[in-house]
Amino acid sequence: MMVILFRLMLLIALLIVAFSIIKYFFHPLRKLEKAHGQRQFFFLDDQKDVRKNFSLTYKGVMFEGEKYMGATDTAFDIVTIYVWTKDYNALQGLTREDFQFIEEDIHVRYPQSAIEWKSPIKEFLRDKK
């Protein structure tokens, strides 16, 4: 009886480990970190949860965006998005076209939104106009 119980516990432990490994490989945050390390573009967002910020990585720079809901002509929707980065040193080498690409991608997901960049990106984009 003890041998059967031990085998059952061992099988359950192996299933838990296998499930944890599979869950780790398909977790979206892991994909974001991988794209960040490879300097690729990746957008991580839960569009159903307005209160949850989104993260995106582009050319090795990690950005975060905060969404605000408001009324549009037809419905309640995301109307304002604030975007910033914590590592300002990583911005070196980015051009105005890079920020336009990011804005266009955000507008694909949130077409009614106005995008506000926080400092120093806001000043860089304002000075370039």
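Which one of F54, F99, F63, F42 is aromatic (F, W, Y) and either over 23 Å from P111 (Cα atoms) or open to solvent by 30 Å² or more (accessible area, probe 1.4 Å) (or both)?
F42
For region 66-94, the tally of residues that are more than 18 Å from P120 (Cα to Cα), open to solvent by 30 Å² or more (accessible area, probe 1.4 Å), of a type outside the set (D, E) and not in a loop (DSSP other than H, G, I, E, B) stands at 6. When residues in region 1-11 are screened for being of a type in the set (A, V, I, L, M, F, W, C) and either surrounded by 10 or more Cβ atoms within 10 Å (Cβ to Cβ) or at pLDDT 95 or above (or both), 5 of them pass. Apart from one condition, Y110 fits all of (1) touching a residue at least 40 places away in the same chain (Cβ under 8 Å); (2) touching a helix residue (DSSP H, G or I) at 6+ places or on another chain (Cβ under 6 Å); (3) not hydrophobic (A, V, I, L, M, F, W, C); the exception is (2).
The values are calculated or read from the model by the stated rules, or taken from the named source; none is laboratory data. Keep in mind it's a predicted model, so treat the numbers as computed, not measured. Backbone-built Cβ (ideal geometry, glycine too); neighbour counts: all protein chains shown. We work out accessible area using only protein heavy atoms, side chains counted, and drop any ligands, DNA or RNA first. Shrake-Rupley method; radii C 1.70, N 1.55, O 1.52, S 1.80 Å.
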